[in-house]
Amino acid sequence: MLRTRLLTAFVLLVVVGLSLFWAPPQVWAGLVTGVMIWAGWEWAGLAKAVFWQRCLYALLIPLLYRIGRETSWQDLGMEGSLVFWVVLVPLWMKQQWRISGLPLLAVGLLVLLPTGWSLTRLQHQGNLVLLALMAVLWISHSAAYFTGRLWGKHRLAPAISPGKTWEGVAGAGLAATVYGAIWWWLARAGSSSMTPLVNHLGWGWFLLVWGLVGLGILGDLFESWIKRCAGVKDSGNGLPGHGGVLDRIDALTATLPLAALSIHLLGGA
């Protein structure tokens, strides 16, 4: 199982890397659109939508994503997404609300659309910027997984995701801090294409990294709760060892809007 999981992760990393660095910009735009369709299909499944409703929703998501790229509604949607994750989701987790059907489909718009817009905005800041920010989540998630397996004793949210532990959270934070410090050192040495962004943010770079880790854990927990309410283990089965695409982008849905808005408000890199 672990071998399959690692192999799938490697293939995904290669696909993302090739699309960003060795393909025309249209390829990345097409990849993001494809992910939006796939994620919309899975989210509608979690909402217990029937087949034709899932098809309609899977097409609605990329349509709204494309429309939003050309209008000022994008800013409002991304700001609303940040409020949703920072304010509403913690309360949601505490109260353990259960929704399905049309209300859950509406929530899906607030979860998925800002993710697509953020992927586009951050890519405009630079391919390495986008990849480096996503890597914060990949590294922290992997550190949490292995730290939790080795030393995990204190459950983070047993009613939502019994496998997650506070020891895993500590491992995620430590790994992300080391990762952020490496970029900080490279930026100070002036030998990285990430230098403009890290220098522009200053010490705020570490605040951004820690914010991404915290929201990433929250995004993971939120999707786990939605799956638990739907009575499924994974959002889909298209990615061997990982489940569905939502299982891979759950942390990104909560964190990328924060990263995009933070850079945007500070005037870009």
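Each value in this text was obtained by applying a stated rule to the coordinates, not by laboratory testing. None of these values were measured; they are calculated from a predicted model. No Cβ is skipped: glycine too gets one built from the backbone with ideal geometry, and neighbour counts run over all protein chains shown.
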**Request:** Tell me which residues, restricted to region 203-255, are touching a residue at least 60 places away in the same chain (Cβ under 8 Å), assigned to a loop (DSSP other than H, G, I, E, B) and not aliphatic (A, V, I, L, M).
**Result:** Ser235, Gly236, Gly238, Pro240, Gly241, His242, Gly244
**Request:** Filter region 157-209 down to residues that are among the charged types (D, E, K, R) and closer than 30 Å to Lys233 by Cβ and give me whichever is surrounded by the most Cβ atoms within 10 Å (Cβ to Cβ).
**Result:** Lys164
**Out of Gly40, Gly68, Gly45, sole residue that is small (Gly, Ala, Ser), surrounded by 15 or more Cβ atoms within 10 Å (Cβ to Cβ) and either farther than 25 Å from Ser19 by Cα or out of contact with any helix residue (DSSP H, G or I) (no Cβ under 6 Å at 6 or more places or on another chain) (or both)** = Gly45
**Fill in**
Taking region 151-196 and keeping residues touching a helix residue (DSSP H, G or I) at 6+ places or on another chain (Cβ under 6 Å) and of a type in the set (Lys, Arg) leaves none
**Request:** Please work out which one of (1) aliphatic (A, V, I, L, M); (2) more than 15 Å from Thr115 (Cα to Cα); (3) assigned to a helix (DSSP H, G or I) is the condition Val32 fails and give its number.
**Result:** (2)
**Fill in**
If we ask which residues in region 35-71 are farther than 24 Å from Leu131 by Cα and either among the polar types (S, T, N, Q) or in a helix (DSSP H, G or I) (or both), their number turns out to be 20
**Asked** When region 71-93 is examined, which residues are found to be farther than 19 Å from Ser118 by Cβ and either over 21 Å from the mean Cα position of the chain (by Cα) or surrounded by 15 or more Cβ atoms within 10 Å (Cβ to Cβ) (or both)?
**Response** Trp92, Met93
